[in-house]
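Written below as structure tokens is the structure these notes are about.
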Amino acid sequence: MPSKNTVCLWYDGTAEEAARFYAATFPGSSVGAIHRAPGDYPSGKEGDVLTVEFTVMGIPCLGLNGGPVFKPDEAFSFQVATDDQAETDRLWNAIVGNGGQESACGWCKDKWGLSWQITPRALTEAIADPDRAAAKRAFDAMMQMGKIDIATIEAARRG
């Protein structure tokens, strides 16, 4: 039975490709049912892939091939908590290296325009440090980064 609450993501004919990339890249991700249009619609024809059910790290999603009208923006992103630099690098490089683009402070976009925050747990802990001066040093270091470098964050936190 499908989840009662599902994140619906709008694609321009590439929902299946995106779902397969996410399933191959992120642990706890998979592609489920693929539904084809029972008739023609504004952005496609009968028989085209209309929706794709998939899971991204345990979050149920529905990819809708709705056409070119709406584009994703940074108001929505997946935030992925990484455990170490190797995981941070692997996920960041998978997204950026597959036609995506780098942004600032651990953010990047995949080739479909969806935003991702690849956020090491060490960064989250550093900016929440009760020692506010240490937190500010870590935050200031983060503000200079694209992909997060954990060693630099930890060094800034220590002062």
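Quick check on segment 1-41: take the gyration tensor over C-alpha atoms, sort the square-rooted eigenvalues as a ≥ b ≥ c, and tell me if it's rounded (a/c under 1.5), prolate or oblate. It comes out oblate by the Cα gyration axes.
Note on Arg121 and Ala151: their simple-model spin labels are 2.1 nm apart, each label 7 Å out from Cα toward Cβ.
A simple count of charges around Trp112, restricted to other residues whose Cβ falls under 9 Å of its Cβ and scoring Lys, Arg +1 and Asp, Glu -1, yields -1. Taking a ≥ b ≥ c as the square roots of the eigenvalues of the Cα gyration tensor, the chain is classed as prolate, since a/c reaches at least 1.5 and a/b is larger than b/c. Couplings 3J(HN,Hα) of segment 137-142, computed from phi: 4, 5, 4, 4, 5, 4 Hz, in residue order, whole Hz [Karplus 6.51 cos²θ - 1.76 cosθ + 1.60, θ = phi - 60°; x for Gly and Pro]. Ranking Leu62, Pro38, Ala104 by Cα position along the charge dipole of segment 25-159, where only Lys, Arg, Asp and Glu carry charges on their C-beta atoms, puts Ala104 farthest toward the positive end. Taken along its principal axes, the alpha carbon cloud of segment 72-159 reaches lengths of 39, 26, 19 Å, longest axis first.
Dividing the Cα radius of gyration of segment 1-88 by 2.2 N^0.38 Å, with N the residue count, gives 1.17.
Using the Cα centre as the reference, give the magnitude of the dipole from point charges on the C-beta atoms of the chain (Lys, Arg: +1; Asp, Glu: -1; all else neutral), rounded to the nearest 20 debye.
Numbers: 15 positive and 21 negative charges, 46 e Å.
That gives the chain a dipole magnitude of about 220 debye.
Between Ala23 and Ile59, the modelled label-to-label distance comes to 1.9 nm, taking each label 7 Å out from Cα in the direction of the beta carbon. Cβ-to-Cβ counts within 10 Å put Thr82, Thr6 in ascending order as Thr6, Thr82, the fewest first. Extension gain, Val7-Asp131: 0.36 nm per intervening residue step, less the Cα-Cα distance, totals 41.0 nm. Using a cut-off of 15 Å between beta-carbons, work out the net charge of the residues near Thr82 (Lys and Arg +1, Asp and Glu -1, Thr82 not included). Local charge sum for Thr82: -4.
Excluding same-chain neighbours fewer than eight residues apart, the lysines reachable from Lys109 by a Cα-Cα span under 21 Å are Lys71, Lys147. For segment 58-154, applying the loop criterion from DSSP together with a ceiling of 12 other beta carbons within 10 Å to the chymotrypsin sites (Phe, Trp or Tyr not before Pro) yields Phe70, Phe76.
Pulled fully out, how much extra length does the chain show between Lys111 and Ala37, if you take 0.36 nm times their separation in residues and subtract their Cα-Cα distance?
Values: separation 74, 0.36 × 74 = 26.64 nm, distance 2.43 nm.
In short, 24.2 nm is gained.
With both residues required to sit in segment 1-69, DSSP beta bridges show an antiparallel share near 70%.
Only the coordinates and a few stated rules stand behind these numbers; no lab work does. Remember, predicted model here, so these are calculated numbers, not experimental data. Backbone-built Cβ (ideal geometry, glycine too); neighbour counts: all protein chains shown.
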